[in-house]
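Since the structure comes first, as structure tokens, the remarks are kept for the end.
The values are calculated or read from the model by the stated rules, or taken from the named source; none is laboratory data. Here the structure is a predicted model, which means the values were calculated and not measured. Cβ sites come from the backbone with ideal geometry, for glycine too, and all protein chains shown count toward neighbours. Protein only, heavy atoms only, side chains kept; ligands, DNA and RNA dropped before computing areas. Shrake-Rupley method; radii C 1.70, N 1.55, O 1.52, S 1.80 Å.
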Amino acid sequence: MSLTTAYQHKLAEKLTILNDRGQGVLIRMYNIKKTCSDPKSKPPFLLEKSMESSLKYINKKFPNIDVRNSTQHLGPVHREKAEIIRFLTNYYQSFVDVMEFRDHVYELLNTIDACQCHFDINLNFDFTRSYLDLIVTYTSVILLLSRIEDRRILIGTYNCAHEMLHGHSDPSFARLGQMVLEYDHPLKKLTEEFGPHTKAVSGALLSLHFLFVRRNQGAEQWRSAQLLSLISSPPAMINPANSDTMACEYLSVEVMERWIIIGFLLCHGCLNSNSQCQQLWKLCLQGSLYITLIREDVLQVHKVTEDLFSSLKGYSKRVADIKESKEHAIANRSIAELLFLLEEIRALVRRHIKVIQQYHVQYLARFDVLVLSDIIQNLSVCPEEESVIMSSFVSTLSSLNLKQVDNEEKFDFSGLRLDWFRLQVYTSVLKGPLHLHENPDLAKVMNLIIFHSQMLDSVEKMLVETSDLSIFCFHLRTFEKMFTMTLEEPSMLRYTIAFPLICAHFVHCTHEMCPEEYPHLKNHGLHHCNSFLEELAKQTSNCVLEICAEQRNLSEQLLPKHCATTISKAKNKKSMKQRQAPRKGEPERDKPGAESHRKNRSIVTNMDKLHLNLTELALAMNHVHSFTVFEHTIFPSEYLSSHLEARLNRAIVTLAGYNATTQEILRPSELLAGVKAYISFIQSLAQFLGADASRVVRNALLQQTQPLDSCGEQTVTTLYTNWYLESLLRQASSGAIVLSPAMQAFISLPRDGEQNFSAEEFSDISEMRALAEILGPYGMKFLSENLMWHVTSQIVELKKLVVENMDILVQIRSNFSKPDVMASLLPQLMGAENVLKRMTIIGVILSFRAMAQEGLQEVFSSHCPFLMGPIECLKEFVTPDTDIKVTLSVFELASAAGVSCDIDPALVAAIANLKADNSSPEEEYKVACLLLIFLAVSLPLLATDPSSFYSIEKDGYNNNIHCLTKAIIQVSAALFTLYNKNIETHLKEFLVVASVSLLQLGQETDKLKTRNRESISLLMRLVVEESPFLTLDMLESCFPYVLLRNAYREVSRAFYLNRLPASTH
């Protein structure tokens, strides 16, 4: 065939188009095979029971299906013909595409044979590669077609529906059906087809021999030859990298194996006649066990080749060669470090793309173009067409300059590369005047130019070609297993980030001829990227929290409670006991810091292992700031922050050590010390981890101030609120725990079988500060709201008692100064003890809240003094004449900061939220007034209780009745604020009635009723001291101070007399 004919056939263009088209058709076949093998995605009618007999009939008669005379067999198809057409059109057209692709491949291969083209991978690289790629792609399409089990049913059913709908068969059906039958045994048919092409195929494959042998050497041979060493020849280090076969240097061994195996499988005749072919084939058989057709569809090399050759005469020796080679075959194994380094190289190339462009644009314009010009001028023969192409090469390269890179101009050398492809074809035809194999220098310099041009406009494409790992998208179990194995090896942890990064490669699997695949591939990529990063973040946060736990244990050793033993030993150091030998079995307690003393550095502690693992994991998580997977930007640090925040939340709750069964919990001060140890360590990792440690800590601590965290789990706020209410305050209400104003804490009374904790260890000033520090203003508000709920529950019961005694209380209010009338009215009161008990409970709760608020105020003042000052200043501007709404707003602000207020806004709001039982505001106000009267006239009853003795040591009573004063004052202030009445007036009334009641107690002759009269009298002074609305002058007017003085003297005398025997003893 003449050169003119070679020009007209446009072999370069056809090879380019057919290779791309072939990939699309191959993916379409893969998609059909995948879809039809999964019942979830299979066309629905193929699974219908009613269609079963029709489908069997079509499969049996294919392709000779008599549609008109088979109505009894094809009835269901007729009923659903429109639906079948709708579902199967894409499938059918894909099979037609295979047939058309086959026709074009046949035509092109025959044309190439007719042109007697010469193939040499070292010279006409693009031509040889495209030719071998086309053969492999075509073979893969046919093999995949034969693997679609439902191919006959899909094609036959579509044609039946088409004939029923249009009255005639589809025009392509006859040829398509015949093609499907021919390829029931694909390899047998393919070997027959490729017999005439043996010379061209074997010639192309033989050109691979030297390259394949060199590239197929073992790692040790590569090391000994220093093929990848930059410093093997120091003088040549600054010389530009060069190669006579540049394009072959990045040609994949996998691709070459696929060419050789499939090429010799189709053209096996040369294996018996050509020793070089046989040698190359045997070497290739010692490589992979499988070669990839498309994605996870593979060809089992040794089995398929052995099966084919066993059926052929004269191939017994080749079968023996296969069996021998199988013993040497190995499966490639990739490790995490290799994947990581691959990603590193890709990242470096992308990062320095501008440097690469600057280098290669100068290389092309100042060196390549000069060498090319010299070679062109020295050509002995140069036809016009080739001359035009080569002249365009020189002019294109001569116009390049550095400003184009600096101005970030887009380079496009696709036209130049296509022209070189054309030139390779023209110079490879037998009858062409210019032969490339006679001018190897032209091929060398042009292949080098092509590589340099790709470094300007196709860097990303080159990265995909040389290092794409999207194949893992179709071997997900293997991919996951590799990831899991890497996590199990501490020294490999730093490389685990490669796995989520590789998920970004999955986008390269997509093809424009199969757009329906895109959502599935996208889901796979994002899902696995997410799962890998989730696991990495989980492992890292686990490691961080384990080290935090260790740090907390070290911090815990420094708590004051652990120094008692040391102090005791130091105190008794000179005593005889200390001089004696220590008892056996009594271990010597290590002092804090002993863990840092190490005699041998080779001894590895648990902390060392944790720090090593954390270092490796941190390097992985901090390797990249972000990367993109299917248009989604992924931030690894966000995964770590999320996991660390959740784990820190759970760790803080675990630190509290709450046990619902035994009602045990850690002291707030100890929890605070533990939390500080956790936080200080996490904050020290801020730069190391790459996560926003401050945000993690801030969010976790903020969540702990809420009732539930972001996961819906209980927080320390809920745990401590429940514990203080259910344990401490409940026992305080029952008398097992007493509030001691002198100690500013609740203290436990010595009783058997009551509480399992010491109340003062959970309620003193330091513990309240620690509680406020942990819970914060939000948590303290939640605690306050729960306390107020219990207060209002008691107020509701108190109102019921007042309503039950309303008539008597009205009379008492009018006649409280008349002893005779009172003597008859008081015995008629029902539930007086209950009123005192409930009011005491309210007082206990409000006293605890006041202590908690005081702790909050100190913490708030320490952390935010610049805020506390203005809040206190604003509170001072509030006067009794200020509008009540403004007053409550200011008091609410002050209360949130822990500042005590004359009127408790939380209590006012809680009482306001109580639902009135159809009673008017006037009636509610009346009940509030009578409640104070009820309390005032019931105070003398407290004198009969043996526990009502005033303790100078505690500055209170063992039955907590000193808390009555806070309850009376704060509840009164809240109630009368709510009803917009004068607080001072009603408290004066209470003071008068209470004074009269207690004075009348002095006239009582029953000693049992007056047992603790003096102690009860002291409550009057406590009421005045508690209230900002009452003064001692007001008290003096109704209860002489001399009585209080005498009461103090008697109480003090009795207290010391009670202690005297114990002291004497």
Could you tell me how many degrees, from 0 to 90 and to the nearest 10, lie between the Cα long axis of helix 668-684 and the main elongation axis, the longest principal axis, of the Cα atoms of the chain?
-> 30 degrees
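On full extension of the chain, what length is gained from Asn242 through Asp441, given 0.36 nm per residue of separation minus the C-alpha to C-alpha distance?
Computed gain between Asn242 and Asp441 is 70.3 nm.
Say R0 is 35 Å: what FRET efficiency, to the nearest 0.05, do Asn572 and Ser596 get from their beta-carbon distance?
0.80
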So, by mean Cβ neighbours within 10 angstrom, what's the order for 540-552, 77-89, 786-798 with the highest one leading?
-> 540-552, 786-798, 77-89
Taking Cα atoms only, helix 476-487 is inclined relative to the longest principal axis of the chain by an angle, in degrees rounded to 10, of 60 degrees
Does anything in region 197-215 have its amide N under 17 Å from the 7 Å Cα→Cβ label point of Leu430, and if so which residues?
-> 197-204
Computed over region 802-1058, the Cα gyration tensor eigenvalues, each multiplied by 5 and square-rooted, give semi-axes in Å (largest first) of 32, 24, 16
Among 678-687, 512-521, what's the highest-first ranking by average C-beta atoms within 10 angstrom per residue?
-> 678-687, 512-521
Near the amide H of Ile747, under 5 Å away, which other amide H atoms are found, from residues 5 or more places off or on another chain, if H is placed in the peptide plane?
-> Val738, Leu739, Ser740
Taking 0.36 nm per residue of separation and subtracting the Cα-Cα distance, what length does fully extending Gln828 through Glu488 add?
-> 114.3 nm
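Can you send over the carbon and sulfur percentage of the accessible area for the chain, probe radius 1.4 Å, protein chains only?
Working: 27560 of 52340 Å².
After summing per-atom areas, the C and S share lands at 53 percent.
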Any aspartates and glutamates with Cα under 14 Å of the Lys1007 Cα? List them, leaving off those in the same chain fewer than 8 positions away.
-> Asp945
With axes computed from alpha carbons, what is the tilt in degrees of helix 636-656 against the longest principal axis of the chain, rounded to the nearest 10 within 0 to 90?
-> 30 degrees
Pop a pseudo-label 7 angstrom from the Cα along the beta-carbon direction at both Gln358 and Lys954 and give the gap in nm to one decimal.
-> 8.4 nm
Length gained when the stretch Arg1045-Asn756 is fully extended (0.36 nm per residue, less Cα-Cα span) | 100.1 nm
On the formula 1/(1 + (r/R0)^6), with r taken between the Cβ atoms of Glu337 and Glu107 and R0 of 56 Å, the FRET efficiency rounded to 0.05 is 0.70
Could you pull the Cα extents of the chain along its three principal axes, largest to smallest, in whole Å?
-> 142, 87, 65
Nearest-20 debye value, region 942-1065 charge dipole, Cβ charges on Lys, Arg, Asp, Glu | 280 debye
Say the dipole of region 339-467 comes from +1 at the beta carbon of Lys and Arg and -1 at that of Asp and Glu; which of His360, Leu448, Val394 then lies farthest toward its positive end?
-> His360
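Mind giving me the FRET efficiency for Cys1038 and Ser862? R0 is 51 Å, r the Cβ-Cβ distance, nearest 0.05 is fine.
The pair Cys1038/Ser862 has a calculated efficiency of 0.75.
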Work from the charge dipole of the chain (Cβ charges, +1 for Lys and Arg, -1 for Asp and Glu, about the Cα centre) and give the residue of Ile471, Pro741, Ile231 farthest towards its positive end.
-> Pro741
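What number comes out for accessible area per residue over the chain if the probe is 1.4 Å? Units Å², please.
49 Å²
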Checked region 889-981 with the C-alpha gyration tensor, a ≥ b ≥ c its square-rooted eigenvalues, rounded below a/c of 1.5, otherwise prolate if a/b is larger than b/c and oblate if not; verdict oblate
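Any idea what % of Cα-Cα pairs in region 116-178 are farther than 15 Å? Show your work: numbers first, answer last.
Values: 1305 of 1953 pairs.
The answer is 67 percent, as a whole percent.
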Using the per-residue mean of other Cβ atoms lying within 10 Å as a proxy for protection, in what order, highest first, do the peptides 225-237, 851-863 fall?
-> 851-863, 225-237
Under a 5 Å amide H to amide H cut-off, with H placed in plane at 1.01 Å, what residues pair with Ile291 once short-range neighbours are removed?
-> Leu299, Val301
Quick one: dipole size for the chain, taken about the Cα centre, charges +1 on Lys/Arg Cβ and -1 on Asp/Glu Cβ, in debye to the nearest 20.
-> 2800 debye
What number, rounded to the nearest 500 deg cm²/dmol, is the helix-based mean residue ellipticity at 222 nm of the chain, given -39500 (n - 2.57) per DSSP H run of at least four residues and division by all its residues?
-> -21000 deg cm²/dmol
What are the ³J(HN,Hα) values, in whole Hz, obtained from phi via the Karplus relation 6.51 cos²θ - 1.76 cosθ + 1.60 with θ = phi - 60°, for each residue of region 518-523 in sequence order, with x given for Gly and Pro?
-> 3, x, 5, 5, 4, 4
